[in-house]
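Here's the structure we're looking at; comments come further down.
Where a number appears in this text, it was derived from the coordinates with a stated rule and is not lab data. Quantities reported herein were computed from a predicted structural model and do not represent experimental measurements. Cβ placement follows ideal geometry from the backbone for every residue including glycine, while neighbour counts extend to all protein chains displayed.
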Amino acid sequence: MSMGMLLDKAITVIRKDFLTGIRYRSAFLMTGVGIAAELAAFYYLSRAIGPSFRPQGMGYFPFLLVGTGFYTFLMMGINAFLSSVQEAQQSGTLEVLMTSRTSPSTLIFLNALSGFSRNAIRFTIYLIAGLFLLSRVSLGYANLAAGSVTFILSLLIAAALGIIAAAVQIGTHKGSAVMWLFGSVGWLMTGTMFPTSVLPKPLLWMAKLIPVTHCLDALRYSLLGGSSLSGVAREILILAGFSAVLLPAALWMFSYMLKRARLQGTLSFY
Amino acid sequence: MGGIVFESVSKMFRHRPALFNWIGNERSGASIALENVSLNAAPGRILVLLGPNGSGKTTTLKLISSILLPDSGRVLIGGADTKTDSVHARRQVGFAVANERSFFPRLSARENLDFFAALEDIPRAQRPKRIAEVLESVDLMDAADTLVMKFSSGMYQRLAIARALIKDPAILLFDEPTRSLDPASAMQFWELVRELPRQGKTVLLASHNFAEAANVGDSVAVLQHGKIVGRRDIRYDSAEQLRSFYFHVTGEVKVKEKEEFLLVAGA
C-alpha cells in the first residue's frame with residue numbers, strides 16, 4: 001500500500017471519528033468541564049502539600065501536571081487500540097472490517113491513530129491550561145528536541161502496549177484486564193503523582209522495568225528541567241530499547257491471536 | 001474471474017467452559033458446523049445455499065470471506081487459498097452483512113460508504129461517483145445524507161448490499177438478504193442480483209426462501225447438519241418444484257406431513 005493511500009485512510013478514519021464526536025453534542029462540553037475539575041483538584045492538592053515539597057527539584061503542581069497529563073495520554077492511547085477492537089466486536093463491524101482490503105494490523109493502527117490524535121489535543125489543552133493559567137510556569141527553557149524524541153518513543157511504546165491489549169481482547173475477550181493491570185500498577189509505580197524514589201527497593205526495581213516510568217521522567221526533565229538530549233540520553237536509550245523489543249513482539253502476538261480466533265470462530269466474541 | 005472451490009472442508013466449533021463450570025454448567029465438547037463439504041461455484045453463476053437454521057450456511061459464507069479458516073480441507077477463492085493467501089482471497093469477496101449495528105449510527109449512508117470505500121483502496125477522487133452508483137442501484141439515493149441510526153431494517157439491508165458492491169468484488173455473498181425487505185424491495189433486489197452474473201460476478205446466497213432461490217438461482221446446494229445433502233440445477237424450476245426437492249432430500253417432508261395430519265385430525 002502506498003503512503004498516499006495510507007494517508008487517505010488515516011484522514012478518512014479521523015474524519016469518521018470527528019463527525020461521530022461532534023454529533024454527540026454534549027460530550028465536548030463535558031470533556032471541558034472534566035479537564036477543568038481535574039486541574040483544580042491537582043492545583044489545590046499541591047497547595048495543601050505546600051511549596052517546600054519539590055520532587056526531582058520541580059514545583060509539585062507542574063510535576064503533577066506533566067505526570068498525570070502524560071500518563072493519562074499514554075493510557076488513553078493504549079486504550080484506543082483496545083476499545084477499537086472491543087467496539088468493533090460489540091457493534092458487529094469487526095467481521096466486516098476483516099473482509100476489507102485493508103489488513104487487520106493497519107486497521108487497528110488507523111483506529112488508534114485517531115484516538116491518539118484526540119488525546120493529544122486533550123493533553124495539549126490540559127498542559128496549557130494548567131501551566132499557563134493556574135501555575136504561570138514558563139516553558140521558555142524547555143528543551144523541545146529532547147521532549148519531542150521522548151514523546152515519539154513514548155508513542156511507540158504505548159502503541160505496542162495497545163496492540164498487546166487488543167491481542168489479549170481477541171484471544172481471551174478480556175483485554176480490559178490488561179488495561180486494569182497497566183492502570184493500577186501505573187498509578188502506583190510509574191511516578192505519576194509522587195517520585196518513585198519514595199518506593200521501597202523491590203518496588204523501585206519493578207518501577208524501572210515499566211517503560212512509562214522512563215517516559216514520565218524524560219518528559220519532566222526535558223520540559224520542566226530543560227535537560228538536553230544528552231541530559232536524558234539514558235532514559236531515551238531505555239525507551240528505544242523497550243520500543244525495539246515491544247513493537248515486533250506486539251505485532252507478532254496480534255497476528256497470532258487473530259489467526260487463532262479465525263480458526264476457532266471466536267473473532268466477534270466479547 | 002473468481003470462482004469458489006471447497007475441497008473436503010470441515011469446520012468444528014469447540015466449547016470451552018470457564019472455570020468453576022459446575023456453577024453455571026456451560027456446554028462442553030464440540031459442534032460440527034461443516035463436515036467434509038466439497039462445493040464448486042463457477043464464475044458468473046448464482047449458487048443458492050438452502051438449509052434449516054444451524055445447517056452451516058453462514059459458516060460456509062464466513063469461510064469464503066476468510067472471517068473463518070477451515071479446520072481441514074481447502075477453500076479456494078479465484079485460486080487463492082484462504083488459509084495461506086487470505087489477502088488475495090479477501091480482495092475478491094464482498095460480504096453483505098446486514099446487521100444494523102455493523103454501521104456507524106451517527107454517520108450518514110454516504111459517510112458510512114465513504115469510510116468503507118477508503119478501506120477498500122478506492123481512491124478519494126473516485127469515491128463520490130462510486131458511492132452514488134451503488135446507492136442508486138439499491139434505491140437509497142434519497143436517503144444518502146440521512147444518519148443511518150434513523151434507517152428502517154429494510155434500509156439497513158439495502159445499505160449492506162451497497163457496501164458489499166462498493167469494492168466491485170468478483171464474488172458476492174448474501175446471507176438471507178431479503179429477510180427484512182417488503183415484497184417490492186425484495187423483487188427489486190432479485191433484479192439487482194440477476195444482473196450481477198452478466199457482469200461476470202459469482203453470487204452465493206444463503207436463504208430459507210424458495211421463491212427467492214427459484215427467482216435468482218442457477219443452482220442450489222442443500223445443507224443439513226453441516227453436510228451437503230442435495231444439489232440441483234434450478235434455472236427452470238418453480239418455487240414449488242424446489243420446495244418438493246428440498247423436502248425430499250432433507251427428509252423434512254415427513255415432519256411436515258405429520259404436522260399437517262395433526263392439524264387435520266384436530267390434535
Exercise. Work from the charge dipole of the protein assembly as shown (Cβ charges, +1 for Lys and Arg, -1 for Asp and Glu, about the Cα centre) and give the residue of B:Gly200, A:Ala88, A:Gly34 farthest towards its positive end.
Key: A:Gly34
Quiz item: Expressed as an acute angle from 0 to 90° and rounded to the nearest 10, what is the orientation of the C-alpha long axis of helix B:252-265 relative to the principal long axis of chain B?
Solution: 70
Practice problem: Could you tell me how many degrees, from 0 to 90 and to the nearest 10, lie between the Cα long axis of helix B:153-166 and the main elongation axis, the longest principal axis, of the Cα atoms of chain B? | Solution: 70
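To the nearest 20 Debye, how big is the dipole of the protein assembly as shown about its Cα centre, given +1 on the beta carbon of each Lys and Arg and -1 on that of each Asp and Glu?
1260
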Practice problem: At 20 Å minimum axial length over the Cα atoms and a Kyte-Doolittle cut of -0.5, report the qualifying DSSP H helices in chain A, or say none. | Solution: A:3-23, A:25-49, A:60-91, A:104-128, A:144-172, A:175-189, A:233-264
Quiz item: When the dipole is taken about the Cα centre of chain A, and only Lys, Arg (+1) and Asp, Glu (-1) are charged at their Cβ, what size is it in debye, to the nearest 20?
Solution: 120
Exercise. Could you please state, rounded to a whole Å, how far the C-alpha centre of region B:101-143 is from the C-alpha centre of region B:187-207?
Key: 20
Quiz item: Counting only pairs 8 or more places apart or on different chains, how many lysine pairs in chain A have C-alpha atoms closer than 27 Å?
Solution: 4
Quiz item: Is it possible to state the helix-based mean residue ellipticity at 222 nm for chain B, with each DSSP H run of 4+ residues giving -39500 (n - 2.57), the sum divided by total residues, to the nearest 500 deg cm²/dmol? What is it?
Solution: -11000 deg cm²/dmol
Exercise. Could you point to the residue in B:Ser108, A:Val178, A:Phe269 farthest towards the positive end of the protein assembly as shown's charge dipole, with +1 and -1 charges on the Cβ of Lys/Arg and Asp/Glu respectively?
Key: A:Val178
Quiz item: Helix B:239-250 versus the longest principal axis of chain B: what is the Cα-based angle in degrees, 0 to 90, to the nearest 10?
Solution: 50
Exercise. Determine the dipole magnitude for region A:1-73: charges of +1 sit on the beta-carbon of Lys and Arg, -1 on that of Asp and Glu, nothing else is charged, the reference point is the Cα centre, and the result goes in debye to the nearest 20.
Key: 140
Quiz item: Under the definition of partner shielding as Cβ atoms of other protein chains within 10 Å of a residue Cβ, what is the mean value for peptide B:99-109?
Solution: 4
Exercise. Order the peptides B:44-55, A:175-186, B:232-243, A:49-60 from the highest to the lowest mean number of other Cβ atoms within 10 Å of their residues.
Key: B:44-55, A:175-186, B:232-243, A:49-60
Quiz prompt | Ranking of B:Ile77, A:Ile22 by count of other Cβ atoms within 10 Å, fewest first | solution = A:Ile22, B:Ile77
